[in-house]
């Protein structure tokens, strides 16, 4: 109850201090979930609109990349290891779950380290890890790859589809399709990157940003900080976990293993430099180099507006498929599949999160 | 995907830490957080500690994250097990994937 009181007090402050017509975007799937779960939209004054952006790594993975993952999984010598939330995402013509049911060797792992162990345990298999995720996750893949190398586990490779967060924010602001007064910045990405990577938002675009934790009061406090800014700046509400300089060890590992590469974002297209490609020293660990696979041109599901949802242009409920032809049990698009997709969160907490 | 759970380090073994939450013990790597020590509360993401946090705040955070984690597992239609060393039932392919939530 004490927490509920605190939330209502924060909401009352927001009501009193918000000026009309403010739109803030969150760019982290765990924020999406927390906002929906705690019904925070219902606590906000009408003047403050909260929209979701490209913060769910599975959702922003382009169809062509999903098709490449599936093509690798189909190779008879390959064991495809992946985090669980990729399994049910529809690729153009199939999904990893469907391929697994049809006999492909697809394993869900909790950590990339588990995939290295899998490779060590089954030396006759080629274990390929499907590397999806932002700066939070990519260092764990870098460390696992180095571990495989130092342990002499030769049958472990990575298909790096990793992406970094700052550039899509720039892309969104350059597109200018929807007004964004400020960003709720991702807490666990920022644990790794620190807060300086977002300075360009305030400096170049005059857009505010606050790094936020995941408790409901974290999110309301961060919104209140956004509302109170008289000059756009980058602030840190999640100081208990995020240091301004970030995690320097993780940054060094990222730098050692990856270099900036182009990445294809669902909804935003190819953004140069927004991906993490394996450095040439790791070419022998690069599944893209190790296995030649041909993929057909990607097919997008008809009527799915996931790309617009990820740009914050379309609200999930505005999609004609939402809750009718597209539900978490029978999803059409990635935003309804991943538990932290904007459509899945809205559907699960419908009534609370409208 | 960027979900990270707060856990307490109970023992160290080289660059591996034993971590506990609610009586459940697991291992995580300290490759990204070599300065962490026994007794520290750390945020754990996909088998790696990524940041040291305050104990009180660790306990506050657990409730929400557990729920999100459970939801992810449910969405993946898998059990809460899923560590490679503990294949669940007859489907060793099914895994937790809970850090990927």
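What is the residue count in segment A:9-27 for residues that are part of a strand (DSSP E or B) and over 19 Å from residue A:317 (Cα atoms)?
1
For segment A:137-156: of the residues being assigned to a loop (DSSP other than H, G, I, E, B) and more than 30 Å from residue A:314 (Cα to Cα), which is nearest to the other protein chains (Cβ to nearest Cβ)?
Result: A:153.
Please indicate, with yes or no, whether at least one residue in segment A:189-207 is crowded, with 24+ Cβ neighbours inside 10 Å, in a loop (DSSP other than H, G, I, E, B), under 17 Å from the mean Cα position of the chain (by Cα) and touching a residue at least 24 places away in the same chain (Cβ under 8 Å).
No - not one qualifying residue is present in segment A:189-207.
Name the strands (runs of 3 or more DSSP E) wholly within segment A:28-136 that hold at least 3 residues that are crowded, with 24+ Cβ neighbours inside 10 Å and modelled with pLDDT under 95?
none
Per-residue answers, yes or no, for (1) facing chain B (nearest Cβ under 10 Å); (2) under 30 Å from residue A:158 (Cα atoms):
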position	(1), (2)
A:221	no, no
A:235	no, no
A:242	yes, yes
A:256	no, yes
A:264	no, yes
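Restricting attention to segment B:1-50, and to residues there that are touching a residue at least 24 places away in the same chain (Cβ under 8 Å), facing chain A (nearest Cβ under 10 Å) and in a loop (DSSP other than H, G, I, E, B), which single residue is farthest from residue A:189 (Cα to Cα)?
My answer is B:47.
Please state which one of A:312, A:351 is on the phi > 0 side of the Ramachandran plot and free of Cβ contacts under 8 Å to residues at least 12 places away in the same chain.
A:351
Taking the conditions exactly as written (part of a strand (DSSP E or B) and either more than 14 Å from every other protein chain (Cβ to nearest Cβ) or surrounded by fewer than 24 Cβ atoms within 10 Å (Cβ to Cβ) (or both)), does residue A:159 satisfy them or not?
Here the answer is yes, as residue A:159 does meet what is asked.
Filter segment A:188-198 down to residues that are more than 21 Å from residue B:31 (Cβ to Cβ) and out of contact with any strand residue (DSSP E or B) (no Cβ under 6 Å at 6 or more places or on another chain) and give me whichever is farthest from the other protein chains (Cβ to nearest Cβ).
For segment A:188-198, the residue satisfying everything is A:196.
Which of (1) over 28 Å from residue A:158 (Cβ atoms); (2) in contact with a strand residue (DSSP E or B) (Cβ under 6 Å, 6 or more places away or on another chain) does residue A:100 not meet, given it meets every other one?
(1)
Given the conditions (1) surrounded by fewer than 24 Cβ atoms within 10 Å (Cβ to Cβ); (2) away from chain B (no Cβ under 14 Å); (3) not in a helix (DSSP H, G or I), report the number of the one that residue A:170 does not fulfil.
The one condition residue A:170 does not meet is (3).
The values are calculated or read from the model by the stated rules, or taken from the named source; none is laboratory data. If you're wondering where the values come from, they're calculated on a predicted model, not measured in any experiment. Please note: Cβ atoms are built from the backbone with ideal geometry, for glycine as well, and neighbour counts cover all protein chains shown.
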